[in-house]
Amino acid sequence: MNIAVLSGKGGTGKTTVSLNLALALKSNYIDCDVEEPNGFLFLKPKIDKTEQVMVDYPLINDNKCTSCGACVDACQFNALAKVNKDIILFQKLCHGCGACEI
């Protein structure tokens, strides 16, 4: 049996509910939270291997960019801002969704 616990909003208790379900049912627990996976804090698993994961983020080509701001409007995470005639990228906010490229 697989059970998924999800919500688009943070702080709703997803980790608490899913951890307790996994412990009560003596089942596997997989934390797929891309922003803040923290189930390990409670389960304290033995980690055999780690792997670095990178997020793609846009590179702004000044020769092609017209500074229209369409990429800024498309970004749901506010990772891009238009300041005067420049487009500024905040890499830490970028989720690599690619909406700005379209």
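Only the coordinates and a few stated rules stand behind these numbers; no lab work does. Predicted, not measured: the structure shown is a model, and the values here were computed from it. Cβ atoms come from the backbone with ideal geometry, glycine included; neighbour counts cover every protein chain shown.
Do any of Lys26/Lys46; Lys14/Lys44; Lys64/Lys92; Lys9/Lys92 go past 21 Å between their Cα atoms, and which? Over 21 Å apart, Cα to Cα: Lys64/Lys92. The stretch between Asp56 and Glu36, if pulled fully straight at 0.36 nm per residue, gains 5.4 nm over its current Cα-Cα span. Cβ screening of the chain for cysteine pairs under 4.7 Å finds these without a partner: Cys32, Cys65, Cys68, Cys75, Cys94, Cys97. By the rule of a C-alpha distance below 19 Å, with chain neighbours fewer than 8 residues away ignored, the aspartates and glutamates paired with Lys85 are Asp62, Asp73, Glu101.
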